[in-house]
Every structure is written in structure tokens, then in C-alpha cells.
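The values are calculated or read from the model by the stated rules, or taken from the named source; none is laboratory data. Predicted, not measured: the structure shown is a model, and the values here were computed from it. Neighbour counts run over all protein chains shown; Cβ positions are idealised from the backbone, glycine included.
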Amino acid sequence: MAAEQVTEATAVALANLEAVKTIMAGLTIMIGAFGPALAIGKLAGKAMEAIGRNPEAASKIQTAMILAIAFAEAIAIYALVVALILKFV
Amino acid sequence: MNISLAPEVLFHIAGIGITNTYLIAVVIVLLALVFGLVLKARGIQAVPTGMQNVTESVFDVWLTTIDSVSGDRKLTLKFFPIVVTVFLFVLFSNLVELIPGLGTIGVYGMHNGHVALIPFLRSASADLNFTLAVAIIVMTSTWIVGIREIGFKHHISKFFTLKNPIAAFVGILEFIGEFAKIVSFSFRLFGNIFAGEVLLLVIAFLVPVIAGIPFLFLELFVGLVQAVVFSMLALVFLKMAAVHH
């Protein structure tokens, strides 16, 4: 039955808890870094376009871009912290 | 190789454990104090030379940056102490992770119930206690600046307003966002620096000296950028708190 299969799968998982934790740590950072990578790429691309159109405002655009990239990167760092907690705690 | 999220306790004073990251932070503060006292003892000259020149140039860059965000010299002089203090403190504690001997030179002791190597050098910002403390101080100062600049009623009406349902809902979200900013500040700095330390340790464990050089450059850059981001975000939040809606 489905319930027996679920309990059996849970028993197998608990027996190899270390392996499951390691696999999940890898998956966490793998999936969690995907969104921020796309976001940072888009941000930098738009900033390059803006600088290309108006090279005089380059330093203003650069400051705002670095700030925005730090916000986007923070999300990837949250995923990394969860992965580290899974691995080392 | 000992990688642990929590900082390691070196010794106890009156029942409170003193961790290695706390010692590093105390050393940084004492060095800053000594620097200030030496600068003052030499006398402030109208035409700056040497150490005074370097300090004044750093302060000048920061004054122009804060001017460009706040737009008003009086406001700049109010924001300057906390923003530049946060910048220098976070910068120097980020740079500690580049010192040779990080995580490897230490004594063996009890940590979390088993015997492990307790290193002497560990960056202060790789300790969630430190980053959380700085984040709480920065957000509290934004609230205090908001209350002092525009008055208690206007400050509270940014969060709790009954004008229309949309504004009330957005206000509640902003209120929760204030606490989310504390978490975001602390975890951004902690995650970056702790991950950098783990990276440097693992690379040094695999290929001792040579492979570590590009990663040291990366960590130098990351430490600088994180200090800049922390202080610029603190500045932006201070400015947003000091203006009306």
C-alpha cells in the first residue's frame, strides 16, 4: 500500500540521515543560487545599457548598480547559510 | 580542519565565555582608539601631512558620498559618525580573514561536546552575534533619526495609518519589513564572510599555498564590497527615515 511504502522510504532515509542531509545541502544551494544569478545578470546588463547611452552618468549608475546587486546577492547568501546549517549542524 | 557555524569559546570570565571573534573585535576597537589618541596627541595642523592627510582624504570621500545621498550638509554631519564607524569596523573585521593562520593556528579544547581545534584567528563578522548586533544598532538609529527629524506622529504614520485600506496594508508590510531588514543585514554580512572563510580553509586544505592566491584576492574584494554595501544601505535607510512620506 502507499502508506507502507511511505513509512519504508522514511525508515531508509532516517537510516542514512547523513547522506540525505548532504544531498539536500547540495540541492539547496544549487536551486537557491539560480534566481539571484539571473537577477544579477539582468541588473548588470541594464546598467551597461544605461552607461552606454549616457557615459557621463557612469559613476552614479555604478553606485546604484552595486547596491542593487548586493540586495540580489543576499538571497543567494540566505540559501548558502541554510546549506551550511544542513551540512555542519 | 574544524568548521563550525558558532564561534569557539577560548576562556571564561565570570561565567561568560569569551570567544575568539569577540577578542578580534576588541582588538580592532582598541587599535582604533590608539590611532585616534595618537592623531590627537600629534596636534591637528591646518595643512595636513602624513597620517592626518590620509584620514582627512578618507573622510572627504565619505562626506561627498553622504552628501550625494542626503543632499543637505547638516544632515550629512548627523549621519557621518554612524555610517563611517560601521564602514571602518566592518571593513577591518572583514580583512582579518586574510591574515595567515586563520582557522589553523590554535589550541585543542572542548567545543560542542567534542575535542576540536579552537583557532585564535577568526573574523569577527563570521560571527552571527557580531553582525546581528551591528544590524540592530543601525536599524535602531534609523528609528531614532526618524523620530528626531520628523517627529513621533509622522514617523508612526508611515507604518500605522488609517487613511485608506491600501495605505494601511502597505504600512503593516513596511513595519514587518523593518525587522526583515535586521535579518537581511546580519545574514548578508555573515553569509559572505563565513562562506569566504570556509572557502579559504578548504582550498588551503586541498592545495596549500598556490591555489589560495586567487581566492585571497576574491576575499579581499568581497570584504571591501560588503563593508561598502553595509554602510551605503545604512545611509539610505537613515535618509529614508529622515524624510516625510
Pick out the one residue from B:118, B:203, B:105, B:193 that is of a type in the set (Val, Ile, Thr), crowded, with 16+ Cβ neighbours inside 10 Å, closer than 30 Å to residue B:10 by Cα and touching a strand residue (DSSP E or B) at 6+ places or on another chain (Cβ under 9 Å). B:118
Long-range neighbours under 9 Å by Cβ, at least six apart or interchain, first residue without any contact (Cβ under 8 Å) to a residue 40 or more places away in the chain within region B:159-173, second loosely packed, with under 11 Cβ neighbours inside 10 Å: B:168/B:162
Being crowded, with 17+ Cβ neighbours inside 10 Å and either closer than 17 Å to residue B:30 by Cα or small (Gly, Ala, Ser) (or both) is the requirement here; does residue B:89 meet it? yes
Could you tell me whether region B:119-133 includes any residue that is of a type in the set (Val, Ile, Thr) and free of Cβ contacts under 8 Å to residues at least 40 places away in the same chain? no
On the basis of being surrounded by fewer than 17 Cβ atoms within 10 Å (Cβ to Cβ) and either away from chain B (no Cβ under 14 Å) or more than 21 Å from residue B:65 (Cβ to Cβ) (or both), does residue A:19 make the cut? yes
Do the conditions hold for residue A:75, that is, is it under 15 Å from the mean Cα position of the chain (by Cα) and in a helix (DSSP H, G or I)? yes
Please work out which residue is farthest from the other protein chains (Cβ to nearest Cβ), limiting yourself to region A:75-89 and to residues that are crowded, with 19+ Cβ neighbours inside 10 Å and farther than 20 Å from residue A:39 by Cα. A:83
Close pairs from region B:81-98: first in a helix (DSSP H, G or I), partner charged (D, E, K, R), Cβ under 7 Å, at least 6 apart: B:97/B:197; B:97/B:219; B:98/B:219
Condition first: charged (D, E, K, R) and over 25 Å from residue B:239 (Cβ atoms). Now tell me which residues in region B:113-172 satisfy that. B:122, B:127
Number of the exception - residue B:70 against (1) farther than 27 Å from residue A:88 by Cβ; (2) in contact with a Leu (Cβ under 9 Å, 6 or more places away or on another chain); (3) at pLDDT 90 or above; (4) among the hydroxyl-bearing types (Ser, Thr, Tyr): (3)
Evaluate region A:45-57: report whether one residue or more is crowded, with 18+ Cβ neighbours inside 10 Å, part of a helix (DSSP H, G or I) and away from every other protein chain (no Cβ under 12 Å). yes
The one condition in (1) over 23 Å from residue B:32 (Cα atoms); (2) at pLDDT 90 or above that residue B:111 fails to fulfil: (2)
Just to check your reading of the model, which residue among B:199, B:206 is without any contact (Cβ under 8 Å) to a residue 40 or more places away in the chain, of a type outside the set (Gly, Ala, Ser) and in contact with a Leu (Cβ under 9 Å, 6 or more places away or on another chain)? B:199
So the check is Cβ under 9 Å with 6+ separation or different chains; which pairs have a first residue in region B:1-20 that's within 25 Å of residue B:191 (Cβ to Cβ) and a second one that's β-branched (Val, Ile, Thr) and modelled with pLDDT under 85? B:1/B:104; B:4/A:89; B:5/A:89; B:6/A:89
Among the residues of region B:215-226, is any within 23 Å of residue B:126 (Cα to Cα), away from chain A (no Cβ under 14 Å) and buried (at least 20 other Cβ atoms within 10 Å of the Cβ)? yes
